[in-house]
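Below is one structure, written out as structure tokens; comments come after it.
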Amino acid sequence: MNSYDYYGKGEAVAQRLEIEGLDQYAKGIRDAIRGGSTATEILVALRWQLRKVLDCGEKLGDQEMIMVKELVEKIDDILE
């Protein structure tokens, strides 16, 4: 059984993005977590939003970048 807290980690990323002034990305992450009807649907949407953060061209702090990349990797692993 997988005990990794994808939704909690996603919320933590969203909070950090808000601090960085990237509210639109934080909203996208929260919408992905709240908007899905199945775990798979939520994780696919969450991964999509996290990849948008990585590709946005905004300067992220080192910690935020690590958090986003780690969560994408964890989601990739579980969806394989």
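Roughly how big is the chain's charge dipole about its Cα centre, with Cβ charges of +1 (Lys, Arg) and -1 (Asp, Glu), in debye to the nearest 20? Walk me through the numbers before you get to the answer.
Values: 11 positive and 16 negative charges, 35 e Å.
About 160 debye.
How much length is gained if the chain between LYS59 and ASP31 is pulled fully straight, taking 0.36 nm per residue apart and subtracting their Cα-Cα distance, in nm to one decimal? Each step should come with its number before you reach the end.
On the way: separation 28, 0.36 × 28 = 10.08 nm, distance 2.25 nm.
Here the segment from LYS59 to ASP31 would lengthen by 7.8 nm.
How much length is gained on full extension from GLU41 to ALA12, taking 0.36 nm per residue of separation minus their Cα-Cα distance?
Details: separation 29, 0.36 × 29 = 10.44 nm, distance 1.96 nm.
Length gained between GLU41 and ALA12: 8.5 nm.
How many nm is it between the label spots at GLU70 and ARG51, if each spot is 7 Å from the Cα in line with the beta carbon?
Label at GLU70, label at ARG51, 2.2 nm between them.
For the stretch 47-80 and the stretch 9-28, what is the separation of their C-alpha centers, rounded to whole Å?
First find each Cα centre; the distance between them is then 12 Å.
Based on a Kirkwood Rh over C-alpha pairs, give the Stokes-Einstein translational diffusion coefficient of the chain at 20 °C and viscosity 1.002 mPa s in µm²/s. Write down the numbers at each step before the final one.
Details: Rh = 12.4 Å.
In µm²/s, the coefficient rounds to 173.
Mean separation of Cα pairs under 8 Å and 6+ residues apart, divided by the residue count of the chain: what relative contact order is that in percent? Numbers along the way, then the final one.
Details: 63 pairs, mean separation 24.2, N = 80.
RCO, the chain: 30 percent.
Laboratory data are not the source of any read-out in this text; all were calculated from the coordinates shown. Computed from a prediction, not measured in an experiment: that's the story for all the values here. Every residue, glycine as well, gets a Cβ built from its backbone with ideal geometry; the counts of neighbours run over all protein chains shown.
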